[in-house]
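Since the structure comes first, as structure tokens, the remarks are kept for the end.
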Amino acid sequence: MIHFSGVAKQHGNKMLFQNGNFQINPGEKIGLVGPNGAGKSTIFRLIVGETTPDDGRISKPDRLVVGYYSQDIDEMRGRTVLEEVRSAAGAVSTLGEELMRLEKMLTEPLEDDEMMKTVEKYGELQAEFERLGGYDLDSRASEILAGLGFSQDDLTRQTETFSGGWKMRIALAKILVLNPEVLLMDEPTNHLDIESIVWLESWLVQFKGSILMTSHDRDFMNRIVSKIVEVANRTITTYGGNYDFYEKERDIRREQLIAAAKRQDDMLAKEEEFIARFAARASHAAQVQSRVKKLEKIDRIEVPTDEKVVQFEWPVPPRGGDEVVRITGLGKVWKTADGREKRVFKGANALVKRLDRVAVVGVNGAGKSTLLKIIAQQTEATEGTAVIGASIDMGYFSQNSLDVLDPQSTIVEEVHSRIPNSNLGTVRSLLGAFKFSGDEVDKKISVLSGGEKSRVVLATILAKPVNFLILDEPTNHLDIASREALLEAVKNFPGTVMIVSHDRHFLREITTRVFELDHNELQVFDGTWDYYMEKRGRERMAH
């Protein structure tokens, strides 16, 4: 359906990939992976025609309907949410507008001939509108929006009244309602909570068309894709299987490549030794010449440099008391912009004990971040208390933490300023554990991406000898490799953790208890993430 044949693309003076070959077949669901800057977004842009290959060709059917969801969204203004989503339904949307125009004409006085022509045209368009699913467009759009977390009241609100994150959800709904033959998705789970991710996962599993997507969410990728296309080291490589299979297979292929490169090096060394020994002898001139030509024709096997995993010894924090936080009758009411009061939660009771790994969950707006802010003493409770235990030293990460970085500092200067008693070698080792190596540590904060800034802040928090970590969406903007680095750090952290995250793989790996905020109330589940999911599933089936 879509074929890349010998495709090459350069960005500035950097070669992204050469002789790239892969195809998207009907109904295939493919994960697109590779390090930042390798060319994943360029693959999407090549498919939709926003850019052209420097070499090779991309073939696809002329009338192929492709939907592309990217992180760059168009301005939204002047429509309700439902109208905005409805407008994306391609030919159906255009037909709907034409039908409304004809309906209006039919209410006005017309000559008999014109009336007949209008009625005839209306009938033709109506049949086509019905064939394309136009009459259930509103119900489909409403169902998709509900799945992505919009309430019934939200559907009639103007799009410009929503935040950037919610506009991203509207943009995603527009692509889904289009129901294209090929769906290109660049990080579709960004800005979604777990409930919306689970809904989207289910929708995409049942989707009949083809999918090519990037995602930093390992679970999401594993459940949807059955093929991986990797863009890395100036090549495009295809793997059959999900993300977990790809990781294992990639490592096996790398070992095989290293072995093949060693065999080739041994062979080349012998040939070069023969040439050096007999180059001056006339009796061996023909043999020497033959071997020189042979060596010139050999394609040298290149082993890409492996990303080094840096181990960092976390500072041992002082031992805190067994009671880390005691929550009693806790409630919070926010004042809205128009002066109204919005109840977030009430009557919350819980005890966080030493070495707990608590996942705080709930739909968007349930109060997860608010609960963490109260515990971190960043905002005050309306009623009740959250009492921090004896000898507890806290480290708190939130999306606002990124704002306290000095844009004029380099990464190494910023981190060193937070832990001034550490030597430069320790700081570099710490940054290595968070995927900053070599000259990267001298980059200014002002030029960093959101994910890079998150890694800098997390490094500064984890470098201090705290015994209680409060992490609010620490995995946002982080790619899978960076998430794995953070996961290892949290696993090895010798203290207590409370975390809000929509990365289920992360939560499954560390969670020992779950605090769920639902309908203004806090419910405690004493068990792992899988225990919580099983318990929750049973409860939902019982209702």
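The values are calculated or read from the model by the stated rules, or taken from the named source; none is laboratory data. Everything numeric in this text was worked out from a predicted model, so none of it was measured. FYI the Cβ positions are ideal-geometry reconstructions off the backbone, even for glycines, and counts take in every protein chain you see.
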Notebook entry, point to check: In the stretch 497-538, which residues are touching a residue at least 12 places away in the same chain (Cβ under 8 Å), out of contact with any Lys or Arg (no Cβ under 9 Å at 6 or more places or on another chain) and farther than 29 Å from G329 by Cβ?
Noted result: R508
Next item on the list: Return only the number of the condition from (1) surrounded by 12 or more Cβ atoms within 10 Å (Cβ to Cβ); (2) in contact with a helix residue (DSSP H, G or I) (Cβ under 9 Å, 6 or more places away or on another chain); (3) at pLDDT 85 or above that Q264 does not satisfy.
Entry: (2)
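Can you name the residue in the stretch 476-521 that is of a type in the set (A, V, I, L, M) and touching a His at 6+ places or on another chain (Cβ under 7 Å) and is also modelled with the highest pLDDT among such residues? Walk me through how you get there before you give the answer.
First, the residues of the stretch 476-521 that are of a type in the set (A, V, I, L, M): 478, 480-481, 485-487, 489-490, 497-500, 507, 510, 514, 517.
When the remaining residues are screened for being touching a His at 6+ places or on another chain (Cβ under 7 Å), the result is 478, 480.
Details: L478: 83, I480: 87.
Only one residue fits best here, namely I480.
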Item checked: Filtered residue count, the stretch 6-34, keeping only those that are closer than 20 Å to M213 by Cα and either among the hydroxyl-bearing types (S, T, Y) or in a strand (DSSP E or B) (or both) -> 14
Margin query: Just to confirm my filter: which helices (runs of 4 or more DSSP H) fall fully inside the stretch 142-260 and include at least 2 residues that are crowded, with 16+ Cβ neighbours inside 10 Å and either of a type in the set (D, E) or free of Cβ contacts under 8 Å to residues at least 12 places away in the same chain (or both)?
Written below: 194-206
Item checked: Candidate set from the stretch 116-138 (those that are free of Cβ contacts under 8 Å to residues at least 12 places away in the same chain and of a type in the set (A, V, I, L, M)); member that is nearest to L106 (Cα to Cα) -> M116
Next item on the list: Select, from S215, S196, S226, the only residue that is among the small types (G, A, S), at pLDDT below 95 and either within 13 Å of the chain's Cα centre (by Cα) or within 21 Å of P26 (Cβ to Cβ) (or both).
Entry: S215
Next item on the list: Check S59, S41 and return the single one that is in contact with a Ser or Thr (Cβ under 9 Å, 6 or more places away or on another chain), among the polar types (S, T, N, Q), surrounded by 14 or more Cβ atoms within 10 Å (Cβ to Cβ) and on the phi < 0 side of the Ramachandran plot.
Entry: S41
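Looking only at the stretch 375-405, filter to residues that are touching a Gly at 6+ places or on another chain (Cβ under 8 Å) and loosely packed, with under 14 Cβ neighbours inside 10 Å; which one of those is farthest from I499 (Cα to Cα)?
Within the stretch 375-405, the first condition is being touching a Gly at 6+ places or on another chain (Cβ under 8 Å), and the residues that meet it are 381-385, 389-393, 402.
Next, only the ones that are loosely packed, with under 14 Cβ neighbours inside 10 Å stay: 383, 385, 390-391.
Details: E383: 23, T385: 20, A390: 21, S391: 20 Å.
Going through the qualifying residues, I end up with E383.
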Margin query: Please verify whether S139 is outside the structural domain of D219 (by TED's automatic domain parsing), out of contact with any Gly (no Cβ under 9 Å at 6 or more places or on another chain) and under 30 Å from E516 (Cβ atoms), treating the condition exactly as stated.
Written below: no
Next item on the list: Hey, can you tell me all the residues within the stretch 48-63 that are basic (K, R) and either in contact with a Cys (Cβ under 6 Å, 6 or more places away or on another chain) or under 17 Å from Q23 (Cα atoms) (or both)?
Entry: R57, K60
Notebook entry, point to check: V288 versus (1) surrounded by 15 or more Cβ atoms within 10 Å (Cβ to Cβ); (2) within 30 Å of the chain's Cα centre (by Cα); (3) not assigned by TED's automatic domain parsing to the domain that holds V358: which is the lone unmet condition?
Noted result: (2)
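Within the group P474, P494, which residue is surrounded by fewer than 15 Cβ atoms within 10 Å (Cβ to Cβ), assigned to a loop (DSSP other than H, G, I, E, B) and not basic (K, R)?
Only one candidate passes the filter, namely P494.
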Notebook entry, point to check: Any residue in the stretch 44-61 that is of a type in the set (K, R) and touching a residue at least 24 places away in the same chain (Cβ under 8 Å)?
Noted result: yes
Note to self: So the check is Cβ under 6 Å with 6+ separation or different chains; which pairs have a first residue in the stretch 369-398 that's part of a loop (DSSP other than H, G, I, E, B) and a second one that's of a type in the set (S, T, N, Q) and modelled with pLDDT under 95?
What the structure shows: D393/N467
Notebook entry, point to check: Does the stretch 274-285 contain at least one residue that is outside the structural domain of V427 (by TED's automatic domain parsing), surrounded by 15 or more Cβ atoms within 10 Å (Cβ to Cβ) and either aromatic (F, W, Y) or on the phi > 0 side of the Ramachandran plot (or both)?
Noted result: yes
Check: From M185, M213, which residue is of a type in the set (A, V, I, L, M) and out of contact with any Asp or Glu (no Cβ under 9 Å at 6 or more places or on another chain)?
Finding: M185
